[in-house]
Structures are given as C-alpha cells and as structure tokens.
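So the structure is just underneath, and the comments pick up after that.
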C-alpha cells in the first residue's frame with residue numbers, strides 16, 4: 001500500500017511541476033491595470049515585469065517543493 005501512495009505522490013508531483021513550468025509562460029493582467037490613465041507606459045512595463053517575476057518565483061518555489069517527492 002505504501003508503494004502505491006509513493007508512486008501516486010511522484011505522479012502528482014511530476015504533473016504539478018509540468019503545470020508550473022507551463023504557467024510560467026503566460027501572465028494574466030487585469031484590464032484595470034492596463035487601462036489606468038494615471039499609469040504611464042513605462043510604469044506599466046515595470047508593473048508587468050514585477051508581476052511576472054513574482055509569478056515565476058512562486059512557480060519555481062512550487063517546483064522545488066515537488067521535486068522533493070520525486071527524489
């Protein structure tokens with residue numbers, strides 16, 4: 001029974017890693033952020049870059065946690 005659970009954990013961990021890698025390829029930005037007239041294009045670029053970097057960090061943390069189940 002324990003081997004079955006370990007294999008299931010590994011399978012889920014691999015799937016989570018694949019989903020996290022895929023998630024790093026896109027960023028969803030709310031239209032309110034894009035359409036804000038008080039934000040310059042330069043500021044918008046900085047905001048989007050910060051959002052993307054935060055997302056990549058979060059996904060990388062998730063990947064590292066899941067790698068422990070595979071090893």
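The values are calculated or read from the model by the stated rules, or taken from the named source; none is laboratory data. Not measured: the values here are computed from a predicted model. Positions of Cβ are backbone-derived with ideal geometry, glycine not excepted, and every protein chain shown enters the neighbour counts.
Points worth noting:
- Spans of helices (runs of 4 or more DSSP H) in the chain with at least 3 residues surrounded by 12 or more Cβ atoms within 10 Å (Cβ to Cβ) and without any contact (Cβ under 8 Å) to a residue 12 or more places away in the chain: 2-23, 41-70
- Counted residues, the stretch 1-30 - those being farther than 14 Å from residue 71 by Cα and at pLDDT 85 or above: 15
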